[in-house]
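Data block below; observations after.
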Amino acid sequence: MVQRSSDPPDPHRPRTYLEVPQTFGLRPAKARGDLPPDGRSRDLREAAMRQHVVVQSVRTLMAHQGLNQSELADVTKIPRRTLVRILSGETWVQTHHLVTLGRVLGTSLYAVPRLEDLTFDTTWVGMPARSGAEDIKEAD
């Protein structure tokens, strides 16, 4: 069955948050614009786009190292079906999978940004948006 962007997203399938779900992890893609701009839909859409970018990195590193999905599954000890579902956007990646994939591929796929690079959206509590850099200055 072909997923259409007009279908409601399935919260258990990250690929359904992309305009063209079939492009998940394969090439640059856009998030769906027809979802509410706040709340859970916003968070799931952002998480799906982050996983999409991570999968693109994993695929690039696999190609660079000459690995196919079966070989990567063997080396990482991630069940092949699980790895295929992660790479196709059929399931959410778990943190321990990010750590394992990063270790095997020689990079960090679970990088935490520096506080000063973050912008915090606090408008939901009636406060203006703040940057991490502002929080650092206040702490000094």
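The values are calculated or read from the model by the stated rules, or taken from the named source; none is laboratory data. Everything quoted here is computed from the prediction, not taken from an experiment. Every residue, glycine among them, receives a Cβ derived from its backbone with ideal geometry; neighbour counts consider all protein chains shown. Note: accessible area is taken over every heavy atom of the protein model, side chains too, but ligands, DNA and RNA are not part of it. Shrake-Rupley method; radii C 1.70, N 1.55, O 1.52, S 1.80 Å.
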Pair list, Cβ under 9 Å, 6 or more apart: the range 57-69 residue closer than 17 Å to His97 by Cα, other residue surrounded by 11 or more Cβ atoms within 10 Å (Cβ to Cβ) and of a type in the set (Lys, Arg): Gln69/Arg80
Residue check for Gln69: modelled with pLDDT of 90 or more, out of contact with any His (no Cβ under 7 Å at 6 or more places or on another chain) and polar (S, T, N, Q): yes
Residues that are touching a Lys or Arg at 6+ places or on another chain (Cβ under 8 Å), under 16 Å from Leu105 (Cα atoms) and hydrophobic (A, V, I, L, M, F, W, C), drawn from the range 27-73: Ala73
Residues (in a loop (DSSP other than H, G, I, E, B) and without any contact (Cβ under 8 Å) to a residue 60 or more places away in the chain) located in the range 78-92: Ile78, Pro79
Complete set of residues in the range 35-68 that are within 23 Å of Arg80 (Cβ to Cβ) and in a loop (DSSP other than H, G, I, E, B): Gly66, Leu67, Asn68
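What number of residues in the range 31-44 are open to solvent by less than 40 Å² (accessible area, probe 1.4 Å) and at pLDDT 80 or above? Don't jump to the end; show me each part of the working.
Residues of the range 31-44 that are open to solvent by less than 40 Å² (accessible area, probe 1.4 Å), as a first pass: 31-32, 35, 39, 41, 44.
Now restrict to residues that are at pLDDT 80 or above: 31-32, 41, 44.
So the answer is 4.
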Filtered residues of the range 45-81 (kept if open to solvent by 80 Å² or more (accessible area, probe 1.4 Å) and among the hydroxyl-bearing types (Ser, Thr, Tyr)): Thr60
Residue that is surrounded by the most Cβ atoms within 10 Å (Cβ to Cβ) [pool: residues in the range 93-104 that are farther than 14 Å from His12 by Cβ and touching a residue at least 24 places away in the same chain (Cβ under 8 Å)]: Leu101
Hits in the range 1-30 (condition: modelled with pLDDT of 80 or more and surrounded by fewer than 15 Cβ atoms within 10 Å (Cβ to Cβ)): Asp10, Pro11, His12, Glu19, Gln22, Lys30
